[in-house]
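Some notes on the structure that comes next.
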Number of protein chains: 2
Amino acid sequence: MGIVRTIRQSPLFQSIENETAESLAAHCRQRKLDKARELFAMGDEANAFFIIQKGWIKLYRISKDGEETIIHVFGPGESFAEAAVFSDRKMYPVNAQAVEDVELVEIPRNYFIKKIEEDSRFALRMLGAIAARQHYLVQQLEQVTNRTAPQRIGAFLLRFCQKEPGTKEGSLTVHLPYDKLIISRRLNIKAETFSRALTKLTPYGVEADGRSVTISNPKALAEFCEVDFKDIPC
Amino acid sequence: MGIVRTIRQSPLFQSIENETAESLAAHCRQRKLDKARELFAMGDEANAFFIIQKGWIKLYRISKDGEETIIHVFGPGESFAEAAVFSDRKMYPVNAQAVEDVELVEIPRNYFIKKIEEDSRFALRMLGAIAARQHYLVQQLEQVTNRTAPQRIGAFLLRFCQKEPGTKEGSLTVHLPYDKLIISRRLNIKAETFSRALTKLTPYGVEADGRSVTISNPKALAEFCEVDFKDIPC
DNA sequence: AGCTGGTCTTGATTTAGATCAAGTCCGGCA
DNA sequence: TGCCGGACTTGATCTAAATCAAGACCAGCT
C-alpha cells in the first residue's frame, strides 16, 4: 500500500488536505521488519514515530532482573511513539520490537513538528490522539490491578473477535494475532497460568485450537469479564 | 497566591508572555474544596482542567463491585485533566476528589483551545506535558506489576522525601502528604498489607510514627526498591 | 527420516497478598 | 467526661498466581 493512503487512513491525518498529505508522505520512509527484529531501543533518540501497515509491534521494557513488561502491542492502522517525539527528553522511553513480520511508515520528527507549528489544527488532532492513548493506559492500569487472569484473557478475546467473522449464530471465532506467549506477557500473566486460565473459560463456551479460538457464548463471557457487551467490536 | 503567579509557575505556561498570562488568568476561576469533596465525576463534561495551588487531589475509578482504583494523586504545582479536555469524547474518564483541603485554578476549555489555535508554541508545550504524563503512566504500570508491595512503598517514600529536610547525616524524614489509606490504594495494596509491608522495611532503617517516617539508610532502601539513587529528589 | 529448539500444556508445591476478624489508638464532639 | 467513628495494627486463614519440573506437540533443518 502507498504511503499517502496509509497516512490518509490514520486518524491523525484523516482530515488534512491532499497536498499536505503528499508533501508529508514525501518526507516519510517505508520500512519492513522481520519478526523479532528491533525497531528502536529505550533511550534511543526519538527522531520519528510510526504508522503500522501490516503486522504487530510490541512496546516493552526490561527490568533489572531481565523480566520483560509489555506496555502495548500495536497493529494495522495504529500509530505509536507520537508522545516520545514530543517529550522534552527526546528519547524513546520503551523498546519496540516486531512480534510478526511488519510493514510501517516512519514519520520524521523534525518535519512533523514544523507542520504542527504551521498548522494548529494538526496540533489539536495530535492532542486528541495522545489523550486517547492516555485513556487506554488508564484502563490498562485498572484492568491489570482489578481483574483476575481469566477475566483479562476473556476481555482480550472479546476485543479481537472482529478479526474473524462468526461462523455460527451467536458464536464467534477469534484468530489470535500473535503468540500466546506475547499475549500472556501483555496481560501480565505467566505462560503456565495463561494456559490454565484459558481452560477456566470453558464454562463460557471458550474452546481453543492453536491460534483459533471459538466462543460459543460471548454474552456470558462478557458478563464474567465485566466488559460492556456494547464495547465488543462484533 | 494570585492566579497569574500560579499560572506562570506551571511548566505548561512558564514561557508565555506577561500579557498572555494575564489575559488567560482573567478567564480562570480560583476554587477551594474541603477534604473529601468531589471536583468532578467520571462522565462529566470536560469543560476545564486544573492547576493545584495547595492540597492534594486523587483521580480514581470505581469498579462495578464498588472497589476504588486510584490512578494518580496530584499535589501543589501540578496540573491535571488536560488530556480530558482534548479527548474526542469531551468527558472526564475518571473521578476527582480532594484528599486534603485544596486550592486550585480552573482553566476553561474553550478559551484555552482558542489560545492553542492562535499560538502553536502553546500546542507544542501541551504536547510535551501530556507526553510526560503518559510516561508516568507507563512507569506506574510497570511498577504495579513488577514490584512487591514493600518495594512500591519504599519507592513512594523516597519519591516524597524532599518534602522534609533530613534531620541527621545521611538519614531522611518524610512527612506523608496524605492518609496511609490513600497511599495504600494508590499503590494498589490493601490497608492491612500496607501496614505489614511497612514494617518489613525496618531492615532498611524505615521507622514510622504517625505521618512522619524516618529513613536512616536511604541508600539501602533505594537498592532494595530498585530505584536509581540519582532519581531521589533529596 | 530423526534431531532440535521453541511453544504450549499439565502437575506439584510455594508464596505474596487478600480476606476475615478482632482489637488499639486517637480526635472530635455532645 | 465519655462515647463514637475512622484510621491503623495485628493475627489467623485462604487463595490466585508464581515457581519448579517435566513432558507433549509442532515446524524447520540437515
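The values are calculated or read from the model by the stated rules, or taken from the named source; none is laboratory data. What you are looking at is a predicted structure, and each value in this text was computed from that prediction instead of being measured. Cβ atoms come from the backbone with ideal geometry, glycine included; neighbour counts cover every protein chain shown. Ligands, DNA and RNA are stripped out before the accessible areas are found, and what is left, the full protein with its side chains, is counted by its heavy atoms. Shrake-Rupley method; radii C 1.70, N 1.55, O 1.52, S 1.80 Å.
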Practice item. Please work out how much accessible surface B:LEU172 shows to a 1.4 Å probe, ignoring ligands, DNA and RNA, in Å² rounded to 10. Key: 20
Exercise for review: Pick out, in residue order, every one of the trypsin sites (Lys or Arg not before Pro) in segment B:131-234 that is DSSP loop and has at most 10 other C-beta atoms within 10 Å; say none if there are none.
Suggested key: B:LYS168
Revision key, fill the gap. homo-copy label distances at B:GLN30 (7 angstrom along Cα-Cβ), nm, one dp, ascending, are 5.9
**Study point:** Mean accessible surface per residue for segment A:3-145, computed with a 1.4 Å probe while every protein chain stays in place, in Å²
**Key:** 43
**Study point:** Nm distances between copies for A:ALA132, ranked from closest, using label points 7 Å along Cα→Cβ
**Key:** 2.6
Point to revise | 10 Å Cβ shell holding at most 15 others, DSSP loop, GluC sites (Glu not before Pro): longest site-free stretch of chain B | key: B:68-168
Practice item. Once you have the Kirkwood Rh of segment B:3-140 from its Cα pairs, apply Stokes-Einstein at 20 °C and 1.002 mPa s and quote D in µm²/s. Key: 139
Study note, to complete from the structure: Expressed in square angstrom to the nearest 10, the accessible area of A:ASP88 with a 1.4 Å probe stands at 130
Check your understanding: Shortest first, in nm, what separates the label point of B:ILE62 from those of the same position in the other copies (7 Å along Cα→Cβ)?
Key -> 4.5
Point to revise | the protein assembly as shown - percent of accessible surface contributed by carbon and sulfur, probe 1.4 Å | key: 47
Review point. Just by accessible area at a 1.4 angstrom probe, what is the order of A:HIS135, B:HIS72, A:HIS175 from largest to smallest?
Key: A:HIS175, A:HIS135, B:HIS72
Practice item. Check each residue of segment A:116-134 and keep those whose accessible area, probe 1.4 Å, is at least 40 Å² smaller with all protein chains in place than in the chain alone; give them in order of residue number. Key: A:GLU117, A:SER120, A:LEU124, A:LEU127, A:ILE130, A:ALA131, A:GLN134
**Study point:** Heavy atoms of A:CYS225 accessible to a 1.4 Å probe, total area in Å² rounded to 10
**Key:** 0
Review point. Where only protein heavy atoms count, and the probe is 1.4 Å, what is the accessible area per residue for segment A:148-231 in Å²?
Key: 53
Point to revise | At least 50 Å² accessible surface lost relative to isolated chain, residues of segment A:55-90 (1.4 Å probe) | key: A:ARG61, A:LYS64, A:THR69, A:PHE86
Check your understanding: Of the cross-linked pairs A:LYS64/B:LYS230; B:LYS90/B:LYS115; A:LYS35/A:LYS180; A:LYS32/A:LYS90; B:LYS190/B:LYS230; A:LYS58/A:LYS180, which ones have a Cα-Cα span greater than 20 Å in the structure shown?
Key -> A:LYS32/A:LYS90; B:LYS190/B:LYS230
Review point. For the pair B and A, how large is the buried accessible area, both sides, in square angstrom to the nearest 100, if the probe is 1.4 Å?
Key: 3600
